[in-house]
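Worksheet: one structure, shown below.
The values are calculated or read from the model by the stated rules, or taken from the named source; none is laboratory data. The shown structure was predicted, so the numbers you read here are calculated from the model rather than taken from an experiment. Cβ: placed from backbone, ideal geometry, glycine included. Neighbour counts: every protein chain shown. All accessible areas refer to the heavy atoms of the entire protein, side chains included, with ligands and DNA or RNA removed. Shrake-Rupley method; radii C 1.70, N 1.55, O 1.52, S 1.80 Å.
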Amino acid sequence: MSGKSGISEIPKEIWNWEYYYDEDRSALDKTYCKLSGIIDNYQFPYDKFNIKAEDIEYFNRCNLMVLDTVLQAFASSDIDPKEINLETTAFALGNMLGDDFFPETSLNYRAKEAFYYLQQSDDFQKLDSEVKKEIEKKFFEEVETKFAKLDASNFKTASNSALAKNVTDFLGIKGEVQIIDGACSAGALVINEMIKVLHDKTCDVVIASAVLGSLNVTGNLSFAKIGGISGTHSAPLDISANGLIPGEGVGTIILKRLDDAIRDNDRIFGVICGSGVSSDGKGKAIYAPSSEGQARCIKESLNRVGLKPVDIDYFEAHATATPVGDAVELNTLKSIFEGEDFRKNSVAISSVKSQIGHTFSAAGMANLIKVLKAFENDLMPPIHNFTEPNPKMNLENSPFYVNKEAKKWDKKPNNTPRRCSVNAFGFGGVNANIVVEEYLEEYHKELVEKLE
């Protein structure tokens, strides 16, 4: 709400930007971005959760952050994890890129190949044989010091699957466990998949987490080479938007069937009433979004619950601050209102990425948690770093306005819940959408009775 930014110069212990930074966008193997939304100096709160460090000594940083948010989510929902049936509890984790440990082992593994190419260089060939031997010795000593080697001592943290397995092993969860990678849509895809588990009644409690904890230089440089990253700031939907800023983070929600949550007197932050997933299919390029594919998943969410676009008060957009991506998304949203009787500039749109950057596989979860906090505080959250809209979005004659200031989110008449549509669109054209509404005790108890 304050507008405080989580974006800063990337710490040199993560990767030393001085080795890779160049304002010249055409410079070989260089990036023009040294910014990120990094979680500085993260420490797991062992005392808060009464956990001994030796009990989870094999956890990597991502494992620790996921476990932290899982335990926070249970506490916030007034659910004691020791009292749930672990046989009918499921866990799913949205993730891409794993943890930083995997790239490190890859670098160790590829060291011989790297040195081979060094040996072929003209400068190296001119050196004295003893100097060559000394360089080779120091090179591999440095590699062994800086980059872990994959072996029996660290296999529990080496693979992406360990991000889920380590957490579920510690918690004793025996239900369905999944890792879901839809790139930037994973944070919403994981919710869609866990809804299915609840619907088929194989599990009664599901834990949905999403994490991105690997801001290595490779991803930054790759996005720089396609012009998708910004070297200055994150300004979604704004005329000054010039690319995304990478961010990291993790979030967790606990999901139950509504009738079970009401029966168990759980604290209910919101009710997911619709979800939709689609693929763009064949397109111009892996990074070229399709308005048609995006619209399909949003319409699917609405159709599942019998809602119309005009029933949505607020859209938390995927909006990464890439000018083309933001414009395509807004054209998508306008297209679903075609033929609807809407009031101009009556539906709010926003994006949390102005403050935390684009957290990729965690982005959809960040969007949803922001909305749940908005319900809790009766406040329509503002977007920051916004001056005026990108003219390509053409908002003047649309249902939308970019909400620039914190304001009271008024209750709706006739005991109707406030509703929000949450977007998360993945690199390569995997789209996900969640429709969530505030929990109104009288309204939802009556709804559950009607459905029984």
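Key figures
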quantity	calculated
Whole-angstrom Cα spans of the range 187-287 along principal axes, big to small	52, 32, 28
Prolate/oblate/rounded label for the range 267-374 (Cα gyration tensor, a/c 1.5)	rounded
For the range 123-180: rounded, prolate or oblate by the Cα gyration tensor [a/c cutoff 1.5]	prolate
Relative contact order of the range 193-300, pairs being alpha-carbon contacts under 8 Å that are 6 or more residues apart, as %	24 percent
Cα centroid separation, the range 355-418 to the range 180-234 (Å)	20 Å
Rounded if a/c under 1.5, otherwise prolate or oblate - the range 145-249, Cα gyration tensor axes	oblate
Computed lengthening from Ser8 to Ile239, 0.36 nm per intervening residue step minus Cα-Cα distance	81.0 nm
Relative contact order computed over the range 245-311 (Cα-Cα under 8 Å; 6+ residues apart), in percent	29 percent
Protection proxy ranking, peptides 366-372, 167-173, 406-412, average beta carbon neighbours within 10 Å, highest first	366-372, 167-173, 406-412
Entry for percent of Cα pairs over 43 Å apart (calculated from the structure that is shown) out of [x] 11; [y] 17; [z] 47	[y]
Heavy-atom accessible surface of the chain: percent carbon and sulfur, 1.4 Å	50 percent
Share, in percent, of DSSP beta bridges within the chain that are antiparallel, nearest 5	55 percent
For the range 37-166, the Rg and Dmax computed from alpha carbons only, in angstrom	21.4, 70
Computed over the chain: relative contact order in percent, which uses C-alpha pairs under 8 Å that are six or more apart	21 percent
Burial ranking of peptide ranges 182-190, 257-265, 317-325 (average Cβ count within 10 Å, highest at the top)	182-190, 317-325, 257-265
Accessible surface, per residue, of the chain when the full set of protein chains is kept, probe 1.4 Å, Å²	49 Å²
